[in-house]
Amino acid sequence: MAKTIDEKIAEVQTKITQYKNREKQLLQKQKTVARKERTRHLIERGAIAENLIPEAETLTNEQFKPVLELAVDRQGLIPLVTSAHLYTT
């Protein structure tokens with residue numbers, strides 16, 4: 001027996017709901033992947049900073065921040081980053 005228009009509409013609405021739910025799942029997965037990538041990036045950068053700053057493991061965050069700020073200011077980080085970025089693009 002052929003489906004009525006109302007039945008076809010109901011099927012389409014069900015599919016729309018399913019696709020919207022699938023979209024929400026994919027967006028959530030995308031956010032999770034991005035968050036994990038950022039976390040990994042931050043951990044790697046922190047490890048690099050700890051390796052370059054003597055006695056970094058013994059410093060508190062409050063002590064570590066000014067040391068890092070001083071190192072960045074003295075090294076002229078902005079021109080260094082800008083020139084490094086130009087060579088990689």
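What follows draws every value from the coordinates through simple rules; no lab data is involved. Since this is a predicted model, take the numbers as computed values, not measurements.
Bridgeable aspartates and glutamates around Lys31 (alpha carbons under 14 Å apart, same-chain partners fewer than 8 residues away excluded): Glu23.
What the phi angles of region 43-51 give under the Karplus curve with 6.51, -1.76 and 1.60, with θ = phi - 60°, is a coupling list of 5, 5, 5, x, 5, 4, 4, 5, 5 Hz, glycine and proline written as x.
With Cα atoms as the point set, region 16-75 shows a radius of gyration and Dmax of 19.2, 58 Å.
Here the Karplus relation 6.51 cos²θ - 1.76 cosθ + 1.60, evaluated at θ = phi - 60°, turns the backbone of region 21-29 into coupling constants of 5, 5, 4, 4, 4, 5, 5, 5, 4 Hz, with x for every Gly and Pro.
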